[in-house]
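The values are calculated or read from the model by the stated rules, or taken from the named source; none is laboratory data. Small disclaimer: the values here were computed from a predicted structure and weren't measured. Here the Cβ positions follow ideal geometry from the backbone for every residue, glycine too, while neighbour counts run over all protein chains shown. Only protein heavy atoms, including side chains, enter the accessible area calculation; ligands, DNA and RNA are left aside. Shrake-Rupley method; radii C 1.70, N 1.55, O 1.52, S 1.80 Å.
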Amino acid sequence: MTRRIVIAGASGFMGTRFTELFRADGDEVVTIGRRTGEGHSDVAWRDEAGIASLVDGSHLVVNLAGKSVNCRYNEKNKAEIFRSRLETTAALGRAIQSVPTPPPLWFNASTATIYRHANDRPMTEAEGELGEGFSVDVATSWERALFDHPRDGVRQVALRTAITLGGGSALTPLVGLTRLGLGGPQRGRYHGAGTGTGDQHFSWVHLDDVFRAIRFLEVTPLDRVVNVTSPNPVTNEELMATLRRVLRVPFGMPLQQWMLELGAIGMGTETELILKSRWVLPARLLDAGFVFEFPDLEGALRDILKRPVPASSG
């Protein structure tokens with residue numbers, strides 16, 4: 001029997017890939033988004049009855065909806081980042097609570113940036129400390145919106161994903177900088193913390209491992225919050241050195257904080273995305289026996305960028 005998978009936010013970077021992979025597995029994928037019609041979603045967010053009809057009898061719901069945080073944090077964008085996450089999660093929650101046959105499993109996107117800036121020790125689900133500031137407020141509100149809509153028989157999982165790498169991801173500007181010879185460590189202090197030498201940690205995960213984690217969690221009874229990050233985070237300096245090696249670029253000029261601030265303005269983003277030390281480990285996944293296909297950064301980058309492993313020099 002074909003299983004129905006409901007994906008909200010399917011037009012984004014993650015949703016597009018997940019739709020492809022679920023369909024390759026033989027599942028029926030139905031989508032919820034801002035627009036309907038050819039090339040868009042099956043049901044729009046304003047159609048509560050339509051959302052309920054998709055959710056009723058489905059195998060699982062995956063909510064990825066939300067405005068990208070890769071933008072300037074002005075008041076308009078901040079309001080939309082909140083609204084696009086909280087309203088969509090609540091709409092799904094109302095639908096799941098109302099239908100006769102709710103899905104047994106509801107995955108909702110969250111983020112590993114919910115944890116504090118950490119250079120002293122890694123953050124796990126059990127021992128991690130939540131941070132403060134706008135991004136953390138978004139994450140905690142997002143998870144609250146999920147858990148404020150419980151339903152008997154529905155397992156809820158907030159996926160605290162690290163920076164996710166794949167085609168068209170946050171990797172794209174880093175690749176561009178590296179090819180221009182600007183692929184050195186990004187040196188600066190996040191709200192005055194750290195040494196400003198490129199020692200900030202970079203927790204990451206390959207996009208396909210996020211999908212594999214979802215498949216694993218379908219049959220593994222974990223609930224509440226799960227960190228979805230590679231077990232081998234790196235420092236920013238290691239990230240850029242690995243990227244230079246994979247792209248065969250011999251030199252990368254370090255970028256100082258004033259350069260990063262100017263560049264962020266020009267690119268319409270925030271330096272938080274590269275200066276906050278995200279040191280997060282997937283303790284619950286590892287303890288449950290999940291095996292990452294791409295545990296190491298170099299292998300992940302070579303797969304995404306389709307770069308061969310160099311032949312041994314003997």
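Could you list, in sequence order, all residues of segment 91-126 that are without any contact (Cβ under 8 Å) to a residue 60 or more places away in the chain, open to solvent by 20 Å² or more (accessible area, probe 1.4 Å) and of a type outside the set (Ser, Thr, Tyr)? Across segment 91-126, the qualifying residues are 94, 97, 100, 102, 104, 116, 120. Of all the residues in segment 274-297, those that are in a helix (DSSP H, G or I) and out of contact with any helix residue (DSSP H, G or I) (no Cβ under 8 Å at 6 or more places or on another chain) number 4. Can you say whether residue 249 is assigned to a loop (DSSP other than H, G, I, E, B) and exposed (fewer than 15 other Cβ atoms within 10 Å of the Cβ), as far as the supplied structure shows? In short, no. Pick from 255, 281: which is within 26 Å of residue 129 (Cα to Cα) and either surrounded by fewer than 21 Cβ atoms within 10 Å (Cβ to Cβ) or not hydroxyl-bearing (Ser, Thr, Tyr) (or both)? The unique qualifying residue is 281. Across segment 200-241, the qualifying residues are those that are of a type outside the set (Asp, Glu), assigned to a helix (DSSP H, G or I) and open to solvent by 30 Å² or more (accessible area, probe 1.4 Å), and the one among them that is modelled with the lowest pLDDT is 241. Exactly one condition in (1) farther than 17 Å from residue 255 by Cα; (2) surrounded by fewer than 15 Cβ atoms within 10 Å (Cβ to Cβ) is not met by residue 154; state its number. The failed condition is (2).
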